[in-house]
1. Open to solvent by less than 70 Å² (accessible area, probe 1.4 Å), on the phi < 0 side of the Ramachandran plot and in contact (Cβ under 8 Å) with a residue 60 or more places away in the chain: does that describe A:Val64?
2. Which residues, taken from region A:73-101, are in a helix (DSSP H, G or I), closer than 14 Å to A:Leu39 by Cα and of a type in the set (A, V, I, L, M, F, W, C)?
3. Among the residues in region A:23-31, are any open to solvent by less than 70 Å² (accessible area, probe 1.4 Å), within 16 Å of DNA strand C (Cβ to nearest atom) and at pLDDT 95 or above?
4. Out of all the residues in region A:4-22, which are open to solvent by 20 Å² or more (accessible area, probe 1.4 Å) and either closer than 17 Å to A:Gly129 by Cα or within 12 Å of DNA strand B (Cβ to nearest atom) (or both)?
5. Could you grab me the full set of residues in region A:64-98 that are within 23 Å of A:Gly220 (Cβ to Cβ) and small (Gly, Ala, Ser)?
6. State which residue pairs qualify: first residue open to solvent by less than 30 Å² (accessible area, probe 1.4 Å) and inside region A:112-129, second residue within 10 Å of DNA strand B (Cβ to nearest atom) and assigned to a helix (DSSP H, G or I) in any location, beta carbons under 6 Å apart, and separation of 6 or more residues or different chains.
7. Looking at A:Thr206, A:Thr170, which is the one that is over 23 Å from A:Thr100 (Cβ atoms) and either among the polar types (S, T, N, Q) or in a helix (DSSP H, G or I) (or both)?
8. Kindly state which strands (runs of 3 or more DSSP E) lie completely within region A:103-162 and contain at least 1 residues that are touching a Phe, Trp or Tyr at 6+ places or on another chain (Cβ under 6 Å).
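The values are calculated or read from the model by the stated rules, or taken from the named source; none is laboratory data. None of the values given here were measured: they were computed from a predicted structure. Neighbour counts run over all protein chains shown; Cβ positions are idealised from the backbone, glycine included. Note: accessible area is taken over every heavy atom of the protein model, side chains too, but ligands, DNA and RNA are not part of it. Shrake-Rupley method; radii C 1.70, N 1.55, O 1.52, S 1.80 Å.
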Amino acid sequence: MSPMSSGSWQEAVAVQEELRPLVDLVGPGPAAPATVAGLDVAYEKSGELLAAAVTVLDARTLAVVDSAVSVGRPAFGYVPGLFAFRELPALLAALDRLTTLPALLVCDGHGLAHPRRFGLACHLGVVTGLPAIGVGKTPLVGEWAPPPIERGAWSPLRDGGDVVGRVLRTRAGVKPVFVSVGHRMSLANATAQVLALTPRYRLPETTRTADRLCRDALAGAV
DNA sequence: GCGACAG
DNA sequence: ATCTTGTCGC
């Protein structure tokens, strides 16, 4: 048993191997989702507490139309590659408290751009059945060439002979983000959705609003 | 064996 | 993720 876990890392890996075949890599996903959800988690400095937040935005206006939070304890120690086991329980609890059902999940972390092709975005997608994409700030696996400096430019993220995602420039001249498919979404559509969610900042409005919410919730919980 | 390693 | 001061720039 690893620290703060509900199981061993071997068991967690087994769960990933078991759920990986359930990822839908065929569905292109909604071209024009009505609503898009952002999910993020904030930790207390000691690491004892965490707050998970979900914000649902109107995909057209990017206004927040629904949101929910859940405060709890990390369900697993931080292990790169097993990240989902740490945040999933709290994220699912927050999703349950939502009044609306979002058409797309934008996760703070990777999807297929994962050692076993089953990152947080895949896990969340399979468990909820909703289309999901992963947007990471830093890479976990893969190699890539720097995309051209203009917004919208991208380069393939390759790992072990697979294209597992795209390194996307959401702002001209600013460090790119790592986009990968989670569930029921094509990589091209995932890219389009992320660009639609980044009219001004590097990170999607969904993650920005969720980030603010879980930080505030954590501050209010302590 | 030695690094790298989502948040 | 979180700990942290100043600093450059719009």
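1. Taking the combined requirement at face value, the residue does not satisfy it.
2. Answer for region A:73-101, where residues must be in a helix (DSSP H, G or I), closer than 14 Å to A:Leu39 by Cα and of a type in the set (A, V, I, L, M, F, W, C): A:Ala84, A:Leu88, A:Ala90, A:Leu91, A:Leu92, A:Ala93, A:Ala94, A:Leu95.
3. No, because not a single residue in region A:23-31 is open to solvent by less than 70 Å² (accessible area, probe 1.4 Å), within 16 Å of DNA strand C (Cβ to nearest atom) and at pLDDT 95 or above.
4. Result: A:Met4, A:Trp9, A:Val13, A:Val15, A:Glu18, A:Leu19, A:Arg20, A:Pro21, A:Leu22.
5. Matches in region A:64-98: A:Ser67, A:Ala68, A:Ser70, A:Gly72, A:Ala75, A:Ala90, A:Ala93, A:Ala94.
6. Partner pairs satisfying both residue conditions: A:Phe118/A:Gln16; A:Leu120/A:Ala84; A:His123/A:Ala84.
7. Every option except A:Thr170 fails the conditions.
8. Values: elements: A:105-108, A:132-136, A:154-159.
In region A:103-162, A:132-136, A:154-159 are the strands (runs of 3 or more DSSP E) which contain 1 or more residues that are touching a Phe, Trp or Tyr at 6+ places or on another chain (Cβ under 6 Å).
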